[in-house]
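The values are calculated or read from the model by the stated rules, or taken from the named source; none is laboratory data. Bear in mind the structure is a predicted one, so any value in this text is a computation, not a measurement. Positions of Cβ are generated from backbone atoms using ideal geometry, with glycine treated the same way; all protein chains shown enter the neighbour counts.
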Amino acid sequence: MKNWTINAIKEAMRAEGSHWFDPDSMQFFGSQIDSQVYQGPGGVYFVSSEKPPHDRRKWSVRQFVPEGADIHTLGTFCGYGSLADAREAAREAAGQAAVTTEEKYHPVDDLEQLQHTLNSHGCKGVTPRVCRQLVAKATVHHYWCEQECNGTAVGEAGDKAEKAILKLAQAIGAGVKFSGDPRGATVKLVMPDGYTDDWGKEGVCVPTKQHR
């Protein structure tokens, strides 16, 4: 029997295409994930905390179902007023002689999320290296868009950045939608299956590194 950790649960869910641990999902609910997983004859359980609108942070007990990689809420969402109470409920649900495994939760970062999104929606062979290159080139493109908005002539520098991004996108089977407005993503990838993650429904936004 596999000994589940919280990060192994995260990876199993994402491998099945789940968005449960996506950064946007975590941010929307103000979610935080506890480090402990309880595994026993009653199943596999962990604790998350959420902050409902206009209320204080509370805790929820989650059951992970390995078969099919699914997560169910045990009892009431945000049903526990303390981490200690939620942990005790999770331990009891796991059953007698439950094993506790503790591992610091590693949130999904922008690069990991970009790779997961592209590979899940029809792109081929997207590696961490490709994602780093896309982010680096999108950062350059965003910078030149900012300069252009400030009245600086961009010229060949902007064209060079766009050509590099087009080449990377073509290699993984994606299209590209460029924008000159640096208030948002200036580079969006057009997915083979039509999936989008932006308000305008144009494509998948390529994140940028923060200028220092």
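Values for this structure:
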quantity: Residue that is farthest from Ala86 (Cα to Cα), among those in region 15-49 that are part of a loop (DSSP other than H, G, I, E, B) and charged (D, E, K, R); calculated: Glu16
quantity: Residue that is surrounded by the most Cβ atoms within 10 Å (Cβ to Cβ) [pool: residues in region 61-87 that are at pLDDT 95 or above, among the aliphatic types (A, V, I, L, M) and farther than 18 Å from Gly42 by Cβ]; calculated: Leu83
quantity: Qualifying residue in region 200-209 (condition: among the hydroxyl-bearing types (Ser, Thr, Tyr), closer than 14 Å to His121 by Cα and in contact with a helix residue (DSSP H, G or I) (Cβ under 9 Å, 6 or more places away or on another chain)); calculated: no
quantity: Candidate set from region 33-76 (those that are among the polar types (S, T, N, Q) and in contact (Cβ under 8 Å) with a residue 60 or more places away in the chain); member that is farthest from Trp4 (Cα to Cα); calculated: Ser35
quantity: Tally of residues being of a type in the set (Ser, Thr, Tyr) and under 11 Å from the mean Cα position of the chain (by Cα) across region 1-29; calculated: 2
quantity: Of all residues making up region 61-112, the number that are over 23 Å from His19 (Cβ atoms) and among the polar types (S, T, N, Q); calculated: 4
quantity: Meets criteria (modelled with pLDDT of 90 or more and over 27 Å from Ser120 (Cβ atoms)) for Tyr143; calculated: yes
quantity: In region 110-133, the residues that are farther than 16 Å from Tyr195 by Cβ and surrounded by 14 or more Cβ atoms within 10 Å (Cβ to Cβ); calculated: Asp110, Leu111, Glu112, Val130, Cys131, Arg132, Gln133
quantity: Region 158-209, subset within 18 Å of the chain's Cα centre (by Cα) and free of Cβ contacts under 8 Å to residues at least 60 places away in the same chain, residue surrounded by the fewest Cβ atoms within 10 Å (Cβ to Cβ); calculated: Trp199
quantity: Leading residue by the ranking (surrounded by the most Cβ atoms within 10 Å (Cβ to Cβ)) among those in region 96-109 that are polar (S, T, N, Q) and at pLDDT 95 or above; calculated: Thr101
quantity: Residues being in a strand (DSSP E or B) and surrounded by fewer than 22 Cβ atoms within 10 Å (Cβ to Cβ) - total across region 50-60; calculated: 2
